[in-house]
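Everything on this sheet refers to the single structure shown next.
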Amino acid sequence: MMVYKEPEQLERLLRAVYRPHNAYCVHADLKTKPDVLQQIRAIIKCLPNVIESPRQIDVKWGKFSVLEPELICMQALWRMRSKWKYLINLTGQEFPLKTNKELVKILTAYKGANDILGERPKERNKWRWQKAKSPPPHNITVAKGPVHVAASRGFVDFLLHYSYARDFLAWTKRTAIPDETFFATLNNMHQFGVPGSYTGNITSKRRIMLNRFKIWDTSNRTCSGKFLRNICHFGLAEVADLSRSRHFVANKFSYDFYPLAYDCTEQWYFDRVRREEKTGVADIDTRYYSNLELVKHAYRGSAGNGP
């Protein structure tokens, strides 16, 4: 979980997603105000399987510092005793749209596939990689996609411990906006034996990502909250769409200026949790998820079986 403000949102997010058998890592930006950091650390100390990131990074947009905290937390989570099967990297301004039981059923239907979007970069984006002044190692073809992922344990193992991933990471450090390159490219490197990676047509319009619900200002969709840095911070009108969505997590909420949207989404979520507790059943049909392109075309061979 990447946070830098609003400790109340972190507390409420943890209340929604926390389970004793899972593992959680929280990274607070180095720029976080001391009083806010104190509150964040107090929340972390309440729960035995929630850890603080071993290092704080001064996160700056477009720099490696956006990706670095993700990798630090991945390493810390890998060392924990919990043998988690999937990793979802959250931020403090998000909220789940699927209960823990629903997510377990969905990710079981994924059968090790990664929910990570990666597309061929447009011409206007290629300046990012030209800054490296050398081509990617191992003739790797670069892809572009969001930093937000739902990644299998095997994928995390590969990116932390295999030389292809380490070499590519070293190259991305010399590029611009590496957080939109590293995960997206790795997930299209099935020929290198990346667990759960995508083996299908990278340009397929049927390929979608469901780990996040976002509204961009380029999407021709309205935002009853407000667009900030090109993305919608949800207002009340979006809550109905969120409640019907097949996505895992909503991004993003700003409690300081649209608290009702957050409150209503939280109420809807816990109503679902209470129904589950009453019936003992997660009311979700996973056939839709089983038939996704990312599931049908996932690499499930030997890890690291590269060229």
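Only one residue in K85, K105, K45, K101 is under 26 Å from F182 (Cα atoms) and of a type in the set (D, E, K, R). Which one?
The match here is K85.
Any residue that is over 19 Å from the mean Cα position of the chain (by Cα) and among the hydrophobic types (A, V, I, L, M, F, W, C) - is there at least one of those in the range 248-260?
Looking for residues that are over 19 Å from the mean Cα position of the chain (by Cα) and among the hydrophobic types (A, V, I, L, M, F, W, C), one finds at least one in the range 248-260, hence yes.
Looking for something farther than 24 Å from I231 by Cα, at pLDDT 95 or above and not in a loop (DSSP other than H, G, I, E, B) - is there at least one such residue anywhere in the range 54-70?
No, that holds for no residue.
When the residues of the range 288-307 are filtered to those that are among the polar types (S, T, N, Q) and at pLDDT 95 or above, which remaining residue is nearest to G112 (Cα to Cα)?
Among residues in the range 288-307 that are among the polar types (S, T, N, Q) and at pLDDT 95 or above, the one nearest to G112 (Cα to Cα) is S290.
Kindly indicate whether N125 is at pLDDT below 95 and surrounded by fewer than 22 Cβ atoms within 10 Å (Cβ to Cβ).
Criteria met by N125.
If you take the residues of the range 71-119 that are part of a loop (DSSP other than H, G, I, E, B), of a type in the set (D, E, K, R) and over 28 Å from S254 (Cα atoms), which of them is farthest from the chain's Cα centre (by Cα)?
Checked the range 71-119; the qualifying residue farthest from the chain's Cα centre (by Cα) is R81.
Just checking: which of the strands (runs of 3 or more DSSP E) contained wholly in the range 208-265 hold 1 or more residues that are over 30 Å from S290 (Cα atoms)?
Where strands (runs of 3 or more DSSP E) fall fully within the range 208-265 and carry at least 1 residues being over 30 Å from S290 (Cα atoms), they are 226-228, 231-233.
It is to be established whether one or more residues within the range 221-242 are of a type in the set (S, T, Y) and touching a Ser or Thr at 6+ places or on another chain (Cβ under 8 Å).
no
Please state which one of D285, D271 is under 16 Å from K98 (Cα atoms) and in a helix (DSSP H, G or I).
After applying the criteria, what remains is D271.
Just for the range 10-43: of the residues that are touching a residue at least 60 places away in the same chain (Cβ under 8 Å) and not in a helix (DSSP H, G or I), which one is surrounded by the fewest Cβ atoms within 10 Å (Cβ to Cβ)?
Once the filter is applied, the top-ranked residue is H21.
Provide a single number: the residues in the range 263-298 that are touching a strand residue (DSSP E or B) at 6+ places or on another chain (Cβ under 9 Å) and either small (G, A, S) or more than 18 Å from I106 (Cα to Cα) (or both).
3
So which of S152, S197, S224 is hydroxyl-bearing (S, T, Y), buried (at least 16 other Cβ atoms within 10 Å of the Cβ), within 29 Å of T265 (Cβ to Cβ) and modelled with pLDDT of 95 or more?
Result: S152 is the single residue among S152, S197, S224 that is hydroxyl-bearing (S, T, Y), buried (at least 16 other Cβ atoms within 10 Å of the Cβ), within 29 Å of T265 (Cβ to Cβ) and modelled with pLDDT of 95 or more.
Cβ contacts < 6 Å: first residue without any contact (Cβ under 8 Å) to a residue 60 or more places away in the chain, restricted to the range 268-281; second residue surrounded by 13 or more Cβ atoms within 10 Å (Cβ to Cβ) and not hydrophobic (A, V, I, L, M, F, W, C), any location; separation 6+ or different chain. Result?
These pairs meet every condition: W268/S243.
Are there any pairs, at least 6 apart or on different chains, whose C-beta atoms fall under 7 Å, with the first in the range 282-307 and under 19 Å from F155 (Cα atoms) and the second modelled with pLDDT under 95 and surrounded by 15 or more Cβ atoms within 10 Å (Cβ to Cβ), and if so, which?
E293/R207; L294/R207
The values are calculated or read from the model by the stated rules, or taken from the named source; none is laboratory data. Remember, predicted model here, so these are calculated numbers, not experimental data. Here the Cβ is made from the backbone with ideal geometry for all residues, glycine too, and neighbour counts use every protein chain on show.
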